[in-house]
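Below: the structure, in structure tokens.
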Amino acid sequence: MCGIAGLIWKGGKKSNVGSELTSMLQALKHRGPDSTGFALYGTATPDDFIMRFITAEQEALKKGFIIHKEVEQREEEVEARIKELGAVIKDQKAPTEYAHRYQFSYDGDLHRLIDYVEDVDGVEVMSVGRALELIKDLGDSKTVSEQYKLGNFDGTHAIGHTRMATESDVDIRSAHPYWAYPFNDVSVVHNGQLTNYWTHRRDLERRGHRFMSTCDSELIAVYIADRIDHGDDLETAMRSSVDYLDGVFSYVVATSDQLGMAKDVMAAKPMVVYESDEFVGLASEEIAIRSIFPREIDTMDPYEGEVLVWQV
């Protein structure tokens, strides 16, 4: 079932998007209690990258499948490898024992750096970008938000997901959003099922793309980023995706300065949109938007096959 949500403040306005998205996703908790994910877009760092990564799965630590010393050694190795490639780490934070946030400057091959980091056993990069910070973990949005201290995250836009595991494990790797490795600042959340996932995945892999999970939603992120990399703007890439993807879906995608949503040609998966002069909110259910706008609001349901894009 799952729940997806997104919000964007127009005209470059900033707000506490961490708190706002937490409220929206908590209102959708009944659609997916297993895990929650946030893709938050803060102030762009033109000279630096922000990398979010994990050194273990939460459950592996809890059940003793990995020892604490090994997790510490993994982070030490990541730090050493980043510095070895010439990056300058300017800030390091660890909201949990296994989740880390690095801010660093680097003028080398970003693809090479990410691959080198992920060659460390058990390490997975959640996102790398100038504005994007991707956080996901087990539990509802309130639990994850408090754990990662997202309640005071200011930014311009954000997307998020509440997951009910159906075909893959309950773990961080299988949670949404998905970052389009190795492209800066592209993230996707999705509700639905894609029937041509494996065919398209193999094609994209033959062209050099890599997938971090077996979740069909990741295909959307990689495809959109690939089209943008080949010169499409976001709206063009999304319109192409409606024909490219088979199945039933509603998805929301974000870049450093845009937010977009698309529905399949049958409009089988729900999506509700509210738009004012300065704000856009969208979610699987209207209750999510009302969690931050409790007053009377007018919402609309996008048509079948519809694509909508908004600019910061």
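Throughout, read-outs are computed from the coordinates displayed, never taken from laboratory work. Worth saying up front: this structure is predicted, and the values here are computed from it rather than measured. Heads up, the Cβs are rebuilt from the backbone with ideal geometry, glycines too, and the neighbour counts pull from every protein chain shown.
Observations on the structure shown:
- Of the trypsin sites (Lys or Arg not before Pro) in the stretch 30-86, those whose Cβ has at most 13 other Cβ within 10 Å and which sit in DSSP loop: K63
- Taking each of K62/K149; K93/K142; K62/K93; K29/K149; K13/K90 in turn, the alpha-carbon distance tops 23 angstrom for K13/K90.
- Unit charges on C-beta of K, R, D, E only; dipole of the stretch 10-88, Debye: 560 debye
- Rg over Rh for the stretch 45-129 works out to 0.97, both radii taken from alpha-carbon positions and Rh defined as the Kirkwood radius.
- Hydrodynamic radius of the stretch 1-98 by the Kirkwood approach over all distinct alpha-carbon pairs: 16.7 Å.
- Applying the Karplus relation 6.51 cos²θ - 1.76 cosθ + 1.60 with θ = phi - 60° to the stretch 173-183 yields 3J(HN,Hα) values of 4, 8, 7, 9, x, 10, 8, 7, 3, x, 7 Hz, where x marks Gly and Pro.
- For the stretch 100-250, the spread of Cα positions along the three principal axes, ordered from largest to smallest, is 39, 39, 34 Å.
- Overall dimensions of the chain by Cα: Rg and Dmax, Å: 18.3, 56
- Signed unit charges on C-beta, dipole axis of the chain, positive-most listed residue S187, V88, Q147: Q147
- Shape annotation for the stretch 172-231: C-alpha extents along the principal axes are 27, 25, 17 Å, from largest to smallest.
- Whole-Hz couplings from phi, Karplus 6.51/-1.76/1.60, listed for the stretch 98-115; x for Gly and Pro: 10, 10, 9, 10, 10, 10, 8, 9, 6, 10, x, 6, 5, 4, 5, 5, 4, 4
- In plain terms, the chain from Q311 to Y244 could stretch by 21.7 nm, reckoned as 0.36 nm per residue minus the Cα-Cα distance.
- In units of the compact-protein estimate 2.2 N^0.38 Å, the stretch 166-312 shows a Cα radius of gyration of 1.04.
- The length gained on full extension between F293 and D233, counted as 0.36 nm times the residue separation minus their Cα-Cα distance, comes to 18.5 nm.
- Once the Cα-Cα distance is subtracted from the 0.36 nm per residue extended length, the N16 to S276 segment shows a gain of 91.9 nm.
- Sequentially through the stretch 298-305, phi angles give Karplus couplings (6.51, -1.76, 1.60; θ = phi - 60°) of 9, 10, 9, 9, x, 6, 5, x Hz, Gly and Pro residues having no value and appearing as x.
- Remark: spin-label model distance Y116-I89 equals 1.4 nm, labels positioned 7 Å along the Cα→Cβ axis.
- Two-site label geometry, K69 and V170: point separation in nm, points 7 Å out along Cα→Cβ: 3.2 nm
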